[in-house]
Amino acid sequence: MSSMVSGPDLLNAYRLSQTGGYDELLDGDGAPRRHWLPFLKELNALPEADRAARALRLDRRVRETGIAYDVFADPTLGSQQWQLDLVPIVFSSAEWRWLEAALIQRAELFDAVLNDLYGDQHLLRDGHLPPELVFSDSAYLRACQGVLPHSGGLRFYAADLARGADGQWRIIDSHAETLAGAGFALANRMVHTHVAGDLFNASNAVRLAPYFQDVQAALTQHSGRDNARIALLTPGAHHEDYFSHAYIARYLGYLLVEGADLRTRGGQVFLKTLEGLKEIDLIVRCVDGRASDPLELDPSGYDGPSGLVRTCRRSPGLVVNAIGSALVQNRALGPYLPKLAKHLLGEDLALHDAPRWWLGCEKSRRHVAERFDQLVIRKAQEGTGRPGQAALGQDTRSMSDAERDLLKREIALHGARLVAEEKIGFSKAPVYANGSLAPQPFAVRMFVARTQAGYVAMPGGLAMTIDPDRAVALSAPDGHTRDVWVLSDAEQAHHVSLWRPALETARVQRAQRVIQSRVADDLFWLGRYTERADWTMRVLRSALRRVAEDSGPEAGTVAARKCLQVLLTDDDSTAADRARIAGLDYDGLCAKLVRGGGATRTLERTMQRLYKVAHLARDRLSLEAFQTLSRFRPGDTWAASLASARPGGVLDLLDEGLASISAFNGLMHENMTRNFGWSILDMGRRLERAYNLSEAMMALFIPAPDAEEEQNSLMLLLELADSFITYRSRYRLDPMLPLVLDLLLLDDTNPRSLCYQLAAFSRQLETLPEGKQGVSLTEDRRVILALLTSIRLADIERIASEPSRATLQKLLGEQLLLLPELSDAVARHYFNLTDDALHRAHLRSESAS
């Protein structure tokens with residue numbers, strides 16, 4: 001029966017690969033375990049080509065979702081490591097019931113320990129815990145003594161589990177500081193069921209949405225308001241968990257904020273927005289507690305606002321998990337947990353830690369000294385990082401004599417901060433590789449949250465393939481992950497999802513969505529980089545057409561060369577830089593603009609910045625809009641092909657790139673709500689387009705070229721500004737300077753003209769807070785008024801007839817001087833809000849309400 005169900009091609013190869021130890025798929029007789037049979041049956045029914053195609057689709061979906069992308073990684077290294085296997089880890093309903101109860105008991109125990117250690121400290125006074133274990137831990141925050149709520153200080157808990165050769169589950173790490181990567185587990189599930197949803201349904205696995213609905217409802221109740229403003233506090237895009245934070249914030253419908261977005265005032269926490277300060281009702285903390293308040297905790301830690309601890313004294317339930325909760329993830333607590341469970345809960349501990357000894361205890365140090373070569377030495381407290389990046393510890397067997405002596409001295413001096421652990425081994429489960437199943441060791445992270453019904457375990461998790469020779473923790477250097485399925489004995493209820501809320505929970509609301517100053521900054525630069533990428537590709541395409549296509553213009557390489565050179569130089573370019581650029585031949589200029597190392601406006605660097613800022617603003621973009629920009633992901637096919645293609649191939653790639661940019665702009669124009677975010681995004685586009693057009697005109701017509709070269713320059717300019725058809729529809733003449741200048745400078749009906757960009761920028765600026773208020777104009781309003789006035793008052797006939805072109809030079813020079821000042825003025829006004837600006841905005845918001 002087992003061969004019929006699993007298929008000899010899959011299962012027989014798996015059996016041959018077995019090397020001993022506990023196996024999740026096969027029992028002691030080599031037969032597949034019952035709860036794996038539905039999945040194996042469906043997997044075996046798929047043709048081999050379909051299985052391989054699904055594995056590739058998983059890889060693609062992982063990249064498109066952004067799990068594998070690190071915005072601060074070296075883009076030359078290609079896509080970041082994160083893989084999702086086609087084969088999940090499968091738990092039977094019976095085993096899950098036991099694990100669920102054990103994990104809930106753990107959460108209840110740690111919550112009780114936290115309440116005591118930050119409260120009356122009976123555990124220390126009565127000798128249940130050594131004081132040195134607690135007070136030597138940097139995660140114990142004295143400023144938070146007495147601040148934790150009476151219960152529920154631990155709202156989220158996660159545990160890393162491994163099954164040893166004896167078949168017993170043990171906890172190898174606990175996480176009580178943050179959400180600990182729950183967003184990664186959720187994203188894996190979304191991606192996996194998108195590709196293998198039929199296998200998931202056939203196995204009757206439990207969905208995650210009801211769990212997150214319970215979490216959402218509990219946090220709303222905890223906040224005390226039905227329409228609560230809940231923020232997820234992240235360290236920022238540089239953190240390895242940033243994707244997880246952004247993904248789960250968007251799924252739950254919460255604001256994603258950083259410490260600089262918040263400020264405390266009068267016992268409350270406020271969010272800095274374009275409209276002023278907005279009160280935050282609840283903070284879901286995803287930052288290190290020690291760095292959450294530079295005023296009372298680590299003065300170098302700005303992951304939270306100054307005064308957050310003081311605010312929590314007034315409102316102890318404001319932050320979850322409570323600041324200081326990382327104390328209970330200290331590995332040295334492990335040996336004491338069985339007695340603590342009996343003392344605090346009146347229960348036997350169901351799920352034990354891996355064998356571990358705290359090296360602050362003299363008896364434990366003697367025991368470890370006798371078995372020194374058999375143990376791994378680790379820090380007692382390391383915090384919570386991205387799953388798969390846990391510290392591996394120091395394996396004493398691989399050390400030199402000098403390293404051993406150094407470690408022993410470290411234990412003698414700082415033993416209270418260290419633990420010694422046994423390697424318990426890891427059970428194995430199948431992965432899909434090379435068309436068949438192969439056994440690989442794994443560890444799994446499980447998640448628990450407090451809901452209105454008490455603690456509830458998430459019916460799933462995040463599993464990672466690990467190296468058993470190196471690891472004692474959830475560590476996967478190659479980023480190979482697996483979804484975790486929990487099977488149900490009952491028929492699954494109708495599918496629900498937080499992406500699609502029920503009608504009774506939906507409310508009609510047309511108010512502006514709160515937009516943080518930082519997010520506005522990201523959207524502004526998203527608009528600028530989108531337009532910069534479009535312009536750079538147009539310049540490259542026009543330049544290459546003049547030499548690579550038989551049907552391309554026969555003349556105009558001198559004009560194209562000017563545009564190439566101006567993009568490769570900027571205000572920071574030295575005389576030597578300009579000389580090197582001027583010395584390049586035509587092909588060299590094109591190649592350098594594609595991926596020149598030092599220039600700031602090369603296509604490669606622009607695309608890197610475009611994708612990075614899109615990643616930062618992705619919770620403001622639709623899935624289709626974000627996926628449209630996925631073509632430009634650093635290290636992916638488009639960028640790699642562009643760098644190595646011949647001129648004809650580069651032209652094809654530029655056409656594809658321009659089509660993607662146009663599609664993105666179209667999606668944003670048609671789908672983005674006309675709110676402050678839209679205004680800021682459009683302002684970035686308009687400013688960049690105005691600057692590019694002004695710069696090109698200055699390069700092409702100052703100083704005045706000869707008649708033939710002027711004709712070529714006019715043709716090129718119309719091509720770059722995508723206005724050639726418009727010109728031809730109006731004039732049955734070859735391009736003439738006054739007509740082209742009128743079309744591209746003054747015509748406010750041409751969406752590519754300079755006047756149109758400035759007028760659109762001015763209109764969008766008026767929609768923003770303080771856009772039309774006050775007796776005197778703000779700095780940004782004064783600058784845009786000056787720019788727009790100079791263009792509207794321009795006398796085109798005089799400008800075109802002037803041999804020296806001095807008036808045109810002055811006009812364009814003023815644009816090139818003031819446009820960067822306009823960008824800085826907008827940034828000072830809306831993105832880098834000072835206390836005075838915030839106070840004015842706050843008063844305006846209060847008077848409006």
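Some points to look at:
- Potential extension, SER573-ARG34 segment - 0.36 nm per residue separation minus Cα distance: 187.1 nm
- Gain on full stretching of the segment that runs from ARG15 to LYS408 - 0.36 nm per residue minus C-alpha separation: 137.1 nm
- This model, with +1 at the C-beta of Lys and Arg and -1 at the C-beta of Asp and Glu, gives the chain a dipole about its Cα centre of some 1080 debye.
- Relative contact order (%) - criterion: Cα under 8 Å, at least six apart; region: the range 83-511: 26 percent
- Protection proxy ranking of 177-187, 666-676 - average other beta-carbon atoms within 10 Å, highest first: 177-187, 666-676
- Where the range 515-671 is the region considered: accessible area per residue in Å², 1.4 Å probe: 40 Å²
- Hull volume per residue, based on the alpha-carbon atoms of the range 515-671 and their convex hull, is 118 Å³.
- Full-stretch length increase - ALA228, LEU816 - with 0.36 nm per residue and alpha-carbon distance subtracted: 207.1 nm
- Solvent exposure ordering (accessible area, 1.4 Å, most first) of HIS122, HIS367, HIS615: HIS122, HIS367, HIS615
- Computed packing ranks the peptides 806-815, 287-296, 791-800, 331-340 as 287-296, 331-340, 806-815, 791-800, most packed first, by mean other Cβ atoms within 10 Å.
- The DSSP beta bridges internal to the chain are antiparallel in roughly 75% of cases.
- At R0 = 56 Å, FRET efficiency that the Cβ-Cβ distance of ALA52 and THR557 yields, to 0.05: 0.70
- Computed E for SER400/ASN204 - FRET, C-beta separation, R0 41 angstrom, nearest 0.05: 0.15
- Between ALA707 and GLU624, the modelled labels are 5.2 nm apart [label points 7 Å from Cα along Cα→Cβ].
- Folded to 0 to 90 degrees: helix 779-792 orientation relative to the chain principal axis, Cα: 30 degrees
- Each of the peptides 346-353, 57-64 was scored by the mean count of other Cβ atoms within 10 Å over its residues; in descending order, highest first, they stand as 57-64, 346-353.
- Signed unit charges on C-beta, dipole axis of the range 673-835, positive-most listed residue ASN712, PRO735, LEU700: PRO735
- Remark: relative contact order (the range 673-835) = 29 percent; criterion is Cα-Cα distance under 8 angstrom and separation of 6 or more residues.
- Taking label points 7 Å from Cα along the Cα-to-Cβ direction, LEU658 and ARG371 give a separation of 7.0 nm.
- In this simple spin-label approximation, SER138 and THR767 carry label points 7 Å from Cα along the Cα→Cβ vector, and these lie 4.7 nm apart.
- Net charge over other residues, Cβ less than 12 angstrom from the Cβ of ALA322 (K, R count +1; D, E count -1): +2
- Across the chain, the relative contact order, built from alpha-carbon pairs under 8 Å that are at least six residues apart, equals 14 percent.
- FRET efficiency for the ARG728 to SER315 pair, using the beta carbon distance and R₀ = 51 Å, is estimated at 0.15.
The values are calculated or read from the model by the stated rules, or taken from the named source; none is laboratory data. Just so we're clear, the structure is a prediction, and the values are computed from it rather than from any experiment. Here Cβ is always computed from backbone atoms with ideal geometry, including for glycine, and neighbour counts include all displayed protein chains. Only protein heavy atoms, including side chains, enter the accessible area calculation; ligands, DNA and RNA are left aside. Shrake-Rupley method; radii C 1.70, N 1.55, O 1.52, S 1.80 Å.
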